[in-house]
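The values are calculated or read from the model by the stated rules, or taken from the named source; none is laboratory data. Worth saying up front: this structure is predicted, and the values here are computed from it rather than measured. Glycine also receives a Cβ, built like all others from the backbone with ideal geometry; neighbour counts cover every protein chain displayed. Side chains included, ligands, DNA and RNA excluded: accessible areas come from the protein's heavy atoms. Shrake-Rupley method; radii C 1.70, N 1.55, O 1.52, S 1.80 Å.
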Amino acid sequence: MELNDIFSAIIRNLTPTNERLGFKLKERSDDAVIFSGDKGVYRLIHDSESNILSFECAYGDDGGETEFNTISRLLVDPDDTDEREARSVSNDLNDEIENLFKVKKQVNLDKVKMPKAVAKSKAKSGIISYDVDTLANRFGALYPEYKDIIKQMIVDYGEFLPETFFREYGNEKIFGIIKNGTEQEQKKLFKLLGEIFEDGTNEVQDVIAVTILGEMKNDPDMMAVADRYMTEYMAGPVHEVNKVTAKKNKYTKKLENPPAYKPKKRKSFSLTNALNNPQNQN
């Protein structure tokens, strides 16, 4: 194909993306095309000596003074390029343009539902166990200021990610209460954690014992507060976890740099399994 025909094919294949993002063809020459819109400007420039097609963009259009950044370079040899290859190049460029300029649609979080909680009667009767969605729901009910964060996580990822939420947001609240909260605040916190732990899935038990309370790292003052309110059923695993997380070892390295989140069903709480499988969200 002639270079001019290659540019025509690319322009044609980029049309849906350009229309969706508000870009219009601003300028075209023998070796370059420029598109501009409210979101910025980008250009494709072909070097005849190297046969490199450079994709460059800027988030502001200042005419001749625009400072472009090179995003990618593609080998486009007119002698070896046919319609199919031009379409392949266009697909690569489409992905680049979408990633650079697409703006996420704003979502009204008031219309996003919180994760559904398992009913207390069903959990106590053994029909079904409390899960991480229950933990999210009840944590949001006790601390309403975190509801929008939980909802936004569901919008962004399609589910509640317990490891990410508590490491980045929830633990700060929890440890603030353990260290400086009133007796009533501490009692409410551990009642929530204790109830869910006692009748919860292995996954939610891991989150509570390792991701949340394991981060106390055997601190004497925090452990003393926890011991005042933890049930005997929860206290044993929490103490065992903290003996491990207080030290630098292969388990704590995994907790600091956990592998991809892959929930596994287990018959009962296991310290080794919990530490070997820290759940981390994308």
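Rounded to the nearest 10 degrees, the angle from helix 147-157 to the longest Cα principal axis of the chain is 50 degrees. Rounded, prolate or oblate: which fits region 188-249, taking a ≥ b ≥ c as square roots of the Cα gyration tensor eigenvalues, rounded meaning a/c under 1.5, else prolate when a/b beats b/c? Because a/c hits 1.5 or more and a/b fails to exceed b/c, region 188-249 counts as oblate.
Derived from the Cα gyration tensor, the three semi-axes of the equivalent ellipsoid of the chain are 55, 20, 18 Å, largest first.
Kirkwood's formula applied to the C-alpha pairs of region 144-222 gives a hydrodynamic radius of 13.4 angstrom. Using the Cβ-Cβ distance between Y233 and N99 with R0 set to 35 Å, the FRET efficiency from 1/(1 + (r/R0)^6) comes to roughly 0.15. Using only the Cα atoms of region 1-64, build the gyration tensor, take square roots of its eigenvalues as a ≥ b ≥ c, and label the shape rounded, prolate or oblate: rounded if a/c is under 1.5, else prolate if a/b is larger than b/c, else oblate. In terms of gyration-tensor shape, oblate.
Assuming R0 = 41 Å, can you tell me the calculated FRET efficiency for the pair L74 and A141, based on Cβ-Cβ distance, to the nearest 0.05?
The pair L74/A141 has a calculated efficiency of 0.20.
Heavy-atom surface analysis with a 1.4 Å probe gives region 112-249 a carbon and sulfur content of 48 percent of its accessible area. Take each peptide in 168-175, 75-82, count the other Cβ atoms within 10 Å of every residue, and average; sorted highest first, the result is 168-175, 75-82.
Cross-link partners for K147 among the aspartates and glutamates, with Cα-Cα distance under 20 Å and sequence neighbours closer than 8 places in the same chain left out: D110, D131, D133, D156, E159, E163, E168, E172, E185.
For region 1-150, the Stokes-Einstein estimate of translational diffusion at 10 °C and a viscosity of 1.306 mPa s comes to 84 µm²/s, using the Kirkwood hydrodynamic radius over alpha-carbon pairs.
The spacing between region 156-185 and region 22-95, judged by their C-alpha centroids, is 46 Å. The calculated 222 nm mean residue ellipticity attributable to helices in the chain amounts to -14500 deg cm²/dmol, summing -39500 (n - 2.57) over DSSP H runs of n ≥ 4 and dividing by all residues.
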